[in-house]
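The values are calculated or read from the model by the stated rules, or taken from the named source; none is laboratory data. Here the structure is a predicted model, which means the values were calculated and not measured. Note: ideal-geometry Cβ built from the backbone for every residue, glycine included; neighbour counts use all protein chains shown. Quick note on the areas: whole protein, heavy atoms, side chains included, nothing else; ligands and nucleic acids left out. Shrake-Rupley method; radii C 1.70, N 1.55, O 1.52, S 1.80 Å.
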Amino acid sequence: PGDYAPNVLCPGDPRRARYIAETFFDSGLRLVNEERGMLGFTGTFDGKPISVQTTGMGCPSAGIVCEELVMLGATRLVRVGTCGALKDGAKMADTVVALSATADDETPLRYAQLDSYAPTCTFELAEAAAHLSREQGTTVHVGPVVSSGIFYDPDKETFARWKRVGHVGVEMEAAMIYTIAAVHGIEALAMMTVSDVLSESGESERISDEELKQGVDKMMEIACRVAVS
């Protein structure tokens, strides 16, 4: 207790967690966790307390980490990462803000103890993220996403089914984070940079490393501002 700020950024990748802390936090950051390589750092952004904690890949991993963050006093979780875009017109390095997250991975449903559930974000955080992104000049897509447990999906019709009902993107952790936040009565938001554009045929186009870095950097600055707002 006391190692984490109430506001926590939640990337999947430990290297991204270190990059966020070293690039966007003010001076004085400290390493607060390195168990299993899941790096966590605490510092300040614009003088306000903030932490970043690796969640790993997928709902089960994110569920363990976020539950323990709540135990340690976190009251606002902001997922920052990448996603595949399903929405027509979405381009590489655009930002996706997830209003809700369909649990294609059933771990969030098991945790919620419900057969069906639509976990959602904290609207005020989504509203702030969309406004700040547009103000910055970034194209932002706001809508429901899918949290999938399968990265290499053998079903080539999956993307078309998800797109048909209006999902704007697919990623792997948001549904779990939103469910934990709902159960514990805290705030949550998922923001992602588009790293792949997914077609209804099941094919995907991948972003270049340089484009991805630029897109993530723009999104990350907004996420830090939203986290401490």
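If you sort the three axes of the alpha carbon gyration tensor as a ≥ b ≥ c, you get a/c of 1.5 or more for region 53-93 and a/b above b/c, which makes it prolate.
Under a plain spin-label model, where a point goes 7 Å from the Cα along Cα-to-Cβ, how far apart in nm are residue 199 and residue 35? Between residue 199 and residue 35, the simple spin-label model gives 4.5 nm. Annotation: peptides 200-210, 38-48, ranked by per-residue average of other Cβ atoms within 10 Å with the highest first, follow the order 38-48, 200-210. Mean separation of Cα pairs under 8 Å and 6 or more residues apart, divided by the residue count, gives the chain a relative contact order of 27 percent. The H on the amide N of residue 9, modeled in the peptide plane, is under 5 Å from the matching H of 51, 52, 53, 78, each at least 5 residues off or on a different chain. Number of Lys-Lys pairs in the chain with C-alpha atoms under 18 Å apart and a separation of 8 or more places or on different chains: 5.
Ligands, DNA and RNA left out, the accessible area of the chain computed with a 1.4 Å probe is 50% carbon and sulfur. Averaging the Cα positions of each part gives two centres, and for region 1-36 and region 189-204 these lie 26 Å apart.
Which value, to two decimals, describes the C-alpha radius of gyration of region 11-57 once divided by 2.2 N^0.38 Å? Please list the in-between numbers first.
Working: Rg = 9.9 Å, N = 47, 2.2 N^0.38 = 9.5 Å.
Region 11-57 yields a ratio of 1.04.
Computed across region 123-217, the Kirkwood hydrodynamic radius from all distinct Cα-Cα pairs reaches 15.0 Å. If R0 equals 45 Å, the separation of the Cβ atoms of residue 160 and residue 15 corresponds to a calculated FRET efficiency of about 0.85.
Tell me whether region 35-146 comes out rounded, prolate or oblate; compute the Cα gyration tensor, take square roots of the eigenvalues as a ≥ b ≥ c, and use a/c under 1.5 as the rounded threshold. In terms of gyration-tensor shape, oblate.
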